[in-house]
Amino acid sequence: NYVPNMIRGASKADVGVLVISARKGEFETGFDRGGQTREHAMLAKTLGVSYLVVVINKMDDPTVQWDKKRFDECVTKIRPFLKGCGYVIKKEVKFIPISGLSGANIKDEVDKKDCPWWSKCVAAGDNNTNIPTLIGLLDSLVIKGRDPIAPLRIPVLDRYVDRGTIAMGKVESGVLRPGMKITMAPTRNKYKIDTVWVNEEPVSSARPGENVLIKLGGGCGTEDVLKGYVICSDPPCRSVSKVICQIALMDMPENTRIFTAGFQAMFHSHTCEEECTVVKLFETTNAKGVVNKIPRFAHVGMKIICMIELDRTVPVETYDDYPFLGRFTLRTEGKTIAIGKILKLPPKKED
């Protein structure tokens, strides 16, 4: 259950800290094919984590001893993978060496006697940072790209009863205010916002990026708002059972090495999860850029344009219109096999 719980937490975050072990053997185990490090990096980008701080931990280990060559080796290996996940390395990813055991480079900079090269890297702006410590680096990040003018969109993370129905989520776009009327997708039922809390304090408005608790009025019960629903202003987001998408195939189950029509997996987008089936492949592109139109199957490493059918209607949008509602991952047999974005939705009459 660790990865599903990670999905739950990451869906509320703007910044992720990816912790890598520099210890000989541990980095390779976590980052090699099937390792959790790779899966967490893929999920972070898909779930909307805008910035990633890659922390190379255990630099004080006897097998490492703050060796710059080992740090550079870890960075060199993980950089192209993160680029493949969709991160713009120079703008969205930063690398920093630390020791969690001694606290070096977390709050206070590592002693130059132990690591004489790090201050030089910081001064030169290497590894996309000119700030030497993890806490300082996190404090310096400025989150951009939020749109308070856009229609309201809040993917529901959970709900519970406390003198009424309380929904939990993060405002992804628009502004939420008590008293406003909202539409719940995919049911299209309408409710009134009674109270909004941010950090457990009632507020007069909540802006994009803020995690909120929302008391829903208008007769809304816990059965009317479920994880994966989206709280919207009008017009609400689309609710569909088929999508045309582009995916990057990163892995496959051991007993199924070919990706083709009929392949089944779990579709994860924002806070919703739904079983799905690949209906048709339209196009594949291999690592050399060779395009194959109407292919019969695809392999790991290919980019694929295909149609996916979901078992039930889910609230999503195209990636171009709402990136946070248009990204998704495919998981099966306990592993993430693909990351994708929605290119096109069916005509509205087919919703």
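Quick notes on this structure:
- Scanning the range 1-44 for residues that are of a type in the set (D, E, K, R), at pLDDT below 80 and over 26 Å from LEU101 (Cβ atoms) returns ARG8, LYS12, ARG33.
- Residue check, LEU101 within 28 Å of PHE324 (Cβ to Cβ) and among the aliphatic types (A, V, I, L, M): no
- Selection status of VAL203, farther than 30 Å from THR37 by Cβ and of a type outside the set (Asp, Glu): yes
- Of the candidates VAL122, VAL110, the single residue that is assigned to a helix (DSSP H, G or I), out of contact with any Lys or Arg (no Cβ under 9 Å at 6 or more places or on another chain), in the same structural domain as LYS68 (by TED's automatic domain parsing) and surrounded by 14 or more Cβ atoms within 10 Å (Cβ to Cβ) is VAL122.
- Scanning the range 161-198 for residues that are touching a helix residue (DSSP H, G or I) at 6+ places or on another chain (Cβ under 8 Å) and under 10 Å from LEU216 (Cα atoms) gives THR165, TYR191.
- Matching residues, the range 243-260, being without any contact (Cβ under 8 Å) to a residue 12 or more places away in the chain and within 18 Å of PRO295 (Cα to Cα): THR256
- Taken together, the criteria place PHE31 among residues that are of a type in the set (Phe, Trp, Tyr), in contact with a helix residue (DSSP H, G or I) (Cβ under 7 Å, 6 or more places away or on another chain) and in the same structural domain as ASN105 (by TED's automatic domain parsing).
- Scanning the range 151-180 for residues that are among the aliphatic types (A, V, I, L, M), surrounded by 13 or more Cβ atoms within 10 Å (Cβ to Cβ) and touching a residue at least 60 places away in the same chain (Cβ under 8 Å) yields LEU152, ILE154, VAL156, LEU157, ALA167.
- A Cβ distance below 6 Å, combined with a sequence gap of six or more or placement on separate chains, defines the contacts here; from the range 266-291, residues that are under 18 Å from PRO186 (Cβ atoms) reach residues that are assigned to a loop (DSSP other than H, G, I, E, B) in the pairs SER269/VAL316; THR271/SER11; THR271/LYS227; THR271/GLY228; CYS272/GLY228.
- From the list VAL49, VAL64, the lone residue that is over 22 Å from GLY301 (Cβ atoms) and in contact with a Leu (Cβ under 9 Å, 6 or more places away or on another chain) is VAL49.
- Of all residues in the range 318-337, at least one satisfies being surrounded by fewer than 13 Cβ atoms within 10 Å (Cβ to Cβ), of a type outside the set (Phe, Trp, Tyr) and on the phi < 0 side of the Ramachandran plot.
- The range 186-225: number of residues that are acidic (Asp, Glu) and surrounded by fewer than 14 Cβ atoms within 10 Å (Cβ to Cβ): 3
- Restricting CYS272, CYS245 to residues that are in the same structural domain as ARG312 (by TED's automatic domain parsing) and modelled with pLDDT of 95 or more narrows the list to CYS245.
- Meets criteria (assigned to a strand (DSSP E or B), in contact with a strand residue (DSSP E or B) (Cβ under 6 Å, 6 or more places away or on another chain) and surrounded by fewer than 17 Cβ atoms within 10 Å (Cβ to Cβ)) for THR183: no
- Verdict on LEU101 being among the hydrophobic types (A, V, I, L, M, F, W, C), in a loop (DSSP other than H, G, I, E, B) and either assigned by TED's automatic domain parsing to the domain that holds VAL15 or more than 30 Å from MET302 (Cβ to Cβ) (or both): yes
- Residue in the range 307-329 that is assigned to a strand (DSSP E or B), over 30 Å from GLY174 (Cα atoms) and of a type in the set (Lys, Arg) present: no
The values are calculated or read from the model by the stated rules, or taken from the named source; none is laboratory data. Since the structure is predicted, the reported quantities are computational estimates derived from the model, not experimental observations. Cβ: placed from backbone, ideal geometry, glycine included. Neighbour counts: every protein chain shown.
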